[in-house]
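Please read the structure below before turning to the comments.
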Amino acid sequence: SRIAGGVGLALILIFMIAYYKVPGLVAAIALVAYTIMLLGIFKMIPVTLTLSGAAAVILSLGFAVDANVLIAERTKEELRSGRSLLAAITAGFDRAWPSIRDGNMSTIIVAIVLFWFGDRFSTSVMQGFALTLAIGVLLSMFTAFFASRLLLRLLATTGLGNNPNLFVPVRDQSDTSDSVAGGNS
C-alpha cells in the first residue's frame, strides 16, 4: 500500500503540474507538505496505519486534490471575467471555499459517526479508518486553503504574475488568452 500510495501521489503531482501549470505546481507543493505533515501527525499521536487507514489517507489525499482543482478552476473563471491576477486568485479562493468546506465537513461528520459506531460495536478497524480520515480531511482543508493561497499569491507577485496564462489550465488557453489579454490592457 505504501508503494501504491507513492506511485499514486507521484502521478497526481505530474498531472497537476502538467495540466494546471502554476496552480498545479502550488497544488503539488501543498500536497507534498500535506503528506509530510500527515505522516508527522501520525507519528506524534501515534497511529498504526492498517490497510483501512491507508485507504483513508488516500481518500483524504483525494479531498486535498479536489480542493486544489476547485481553486484553480475558480481562479481561471475569474481571470476569464477580466480580473487582475491577484484579484482573480482572491475571488477564486472565496468562491471555492464554500464547496470545499461543505464537502469536507460532511466527510468529517461521517468520520465521527463511523468512529462512534466503531466504539459501540468494538470495531477498531472502523475507528482507525474514521480517525485517519478525519485527521486527513482536516489537514487537507488547512493545506488547500492556507498553504495554497499563500503560495499562489506569492508567485503572482513574482515574474510569473506577468503572464496570467501560466495560471490557466492547458485546455483553456485559447478560451482565456483573449479575455486575459483584454483584462490586462
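Here are the numbers for this structure:
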| item | result |
| --- | --- |
| Added length on full extension, which subtracts the Cα-Cα distance from 0.36 nm per residue, Phe117 to Arg101 | 3.3 nm |
| Extension gain, Ala87 back to Asn162 (0.36 nm per residue minus Cα-Cα distance, nm) | 25.6 nm |
| Angle in degrees between helix 22-44 and the longest Cα principal axis of the chain, rounded to the nearest 10 | 20 degrees |
| 222 nm mean residue ellipticity, helices alone, for the chain (DSSP H n ≥ 4; -39,500 (n - 2.57); rounded to 500) | -28000 deg cm²/dmol |
| 0 to 90° range, to nearest 10: angle between helix 85-120 axis and the chain longest Cα axis | 10 degrees |
| C-alpha long axis of helix 51-80 to longest principal axis of the chain, angle in ° | 20 degrees |
| Rel. contact order, % - alpha carbon contacts under 8 angstrom, at least six apart, the chain | 32 percent |
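Bear in mind that the values in this text are calculations on the coordinates, not laboratory data. Keep in mind that this is a model prediction, so the values were computed, not measured.
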